[in-house]
Amino acid sequence: MRVAILGCGSIGSRHARNLVHLGYSDLALFDPEWDRLPGWYQLECSHQLCTTAIGAIWEWQPDAVLICSPPQFHVQQAMEAAEHGCHIFIEKPVSHNMAGVPELVELLDAEGLINMVACNWRYHEGPMRIKAALDSGVLHDSLFLEIGHQSYLPSWRRGTDWRKSYSASAEYGGVTLDVGWHLVDLALWLLGLAELKWADLRPAKTLGLQTDGWAELMLRHQNGESRLHMDFERVSGDWWEICLSGGSGDQVSWDAEDSQHTGYEMNRMYLDEMVAFLTAVESGVPSANPVGEAVKVLQLLVQARGK
């Protein structure tokens, strides 16, 4: 299978390394900045194209395309990929707003293309433990889900200017469209469809940014509620926690320290996520998180941001 990666920042480079590890050596890499193209992959790939011209990607005729560029380019690049008959994996978020997203969903359905939006935390041992307990029937009725994630934006991507990242952009990012995407995705995965009950967003003043750096969202699901807390101004380090309780008082929880004790390797979830996408492409079976489903996460976040 020929796989093209659009955008060779940190996540695009991770996917490239993982594809090579999984035995996919026929790769094409696109990035408008030549110095971001990881040429050393040529030593590990049997066939490779590195280019700053996206037209060269379509001439190369990939079977599947991973869209890892900044969010404002996702819809346009996904439309181009679909028009060239490519199966599509889109990094989160699908986009920074709803413009063009319904048309993209319609095109993907009409062309019968396998498509998937990144949902790597669904493949992590922690959330999977919560999901397994829920599916087993241990918890039921009046479910209440709490998910919290705190971190420090300047420490995310060493060697890059975090102020220029989409996460720092008031229009394209903020903690809601970055961290918040994962939290809302997990909430819908665990408890099903939801409506926004309320949202509280605050600017990242300690980082000198206008975008939201702290937020809390409350979602109302058919069988319960979820409260989501996110913050990327926490200097003291990362913190992840999920707790799900039922009406009977029973609960199941996980936090990042649990995975530190088990020696869980974080790249495992990215590998498993990519295997899920590639398996869907090769089998023709719909993916675990097509754009038509992921758009529900985007709708809630756009509503929360009031944009």
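The values are calculated or read from the model by the stated rules, or taken from the named source; none is laboratory data. What you are looking at is a predicted structure, and each value in this text was computed from that prediction instead of being measured. Please note: Cβ atoms are built from the backbone with ideal geometry, for glycine as well, and neighbour counts cover all protein chains shown. SASA here: full protein model, heavy atoms, side chains in, ligands and nucleic acids out. Shrake-Rupley method; radii C 1.70, N 1.55, O 1.52, S 1.80 Å.
Couple of notes before you dig in:
- Qualifying residue in segment 246-268 (condition: touching a His at 6+ places or on another chain (Cβ under 7 Å) and over 23 Å from LEU134 (Cα atoms)): no
- Pair list, Cβ < 6 Å and 6+ apart or interchain, from segment 121-132 residues that are on the phi < 0 side of the Ramachandran plot to residues that are outside any helix (DSSP H, G or I): GLU125/TYR264; GLY126/TRP254; ARG129/TRP254; ILE130/ILE242; ILE130/LEU244; ILE130/VAL252
- Against the test of being β-branched (Val, Ile, Thr), free of Cβ contacts under 8 Å to residues at least 24 places away in the same chain and more than 15 Å from HIS15 (Cα to Cα), the options THR279, THR262 yield a single qualifying residue, THR279.
- When segment 253-275 is limited to residues that are among the small types (Gly, Ala, Ser) and out of contact with any Cys (no Cβ under 9 Å at 6 or more places or on another chain), the one that is surrounded by the most Cβ atoms within 10 Å (Cβ to Cβ) turns out to be SER259.
- Restricting attention to segment 157-169 and to residues that are in a loop (DSSP other than H, G, I, E, B) and in contact (Cβ under 8 Å) with a residue 24 or more places away in the chain, the residue that is least open to solvent (accessible area, probe 1.4 Å) turns out to be SER169.
- Number of the exception - ALA288 against (1) part of a loop (DSSP other than H, G, I, E, B); (2) loosely packed, with under 15 Cβ neighbours inside 10 Å: (2)
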